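Bear in mind that the values in this text are calculations on the coordinates, not laboratory data. Every value quoted in this text rests on a predicted model; they were computed, and no experiment measured them. Here the Cβ is made from the backbone with ideal geometry for all residues, glycine too, and neighbour counts use every protein chain on show.
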């Protein structure tokens, strides 16, 4: 897959526990992931309706501490919230 739908990606990240921040700008939505009231990571999605292309997928996957294919699974829903938190735990990010 070379692109992701931004609206679907946004909705699915919200389902996986990401929340909006107050730092939204006119061109991006900022999302944060908290675990046990601790900020773990953040990412952003453009407000435009253009597909999220390969380069931005790579950047978002890095921000979310996932491989590109894992991030695509997170954005499209095969990767569950529980599995995502397990990946982050195994990387020592949820201490």
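For the reader, a short list of remarks on this structure follows.
- The chain: angle of helix 54-63 to the longest principal axis, Cα-based, in degrees nearest 10: 30 degrees
- With the convex hull of the Cα atoms taken as the outline of the chain, the averaged projected area works out to 5.7 nm².
- Ordering 32-38, 66-72 by mean Cβ neighbour count within 10 Å, with the highest value first, yields 66-72, 32-38.
- To the nearest ten degrees, helix 6-15 and the longest principal axis of the Cα atoms of the chain are 20 degrees apart.
- Stretching the chain fully between residue 26 and residue 48 yields a gain of 6.9 nm (0.36 nm per residue, less the alpha carbon separation).
- Helix-only CD estimate at 222 nm, as mean residue ellipticity for the chain, using -39500 (n - 2.57) per DSSP H run (n ≥ 4): -12000 deg cm²/dmol
- With Cα atoms, 0 to 90° folded angle of helix 81-90 axis to the chain main axis: 60 degrees
- Inter-probe distance in nm under a simple model that places probes 7 Å from Cα toward Cβ, at residue 14 and residue 59: 2.3 nm
- Residue with peak Gaussian network fluctuation, the chain [Cα springs, cutoff 10 Å], from 39, 13, 31: 39
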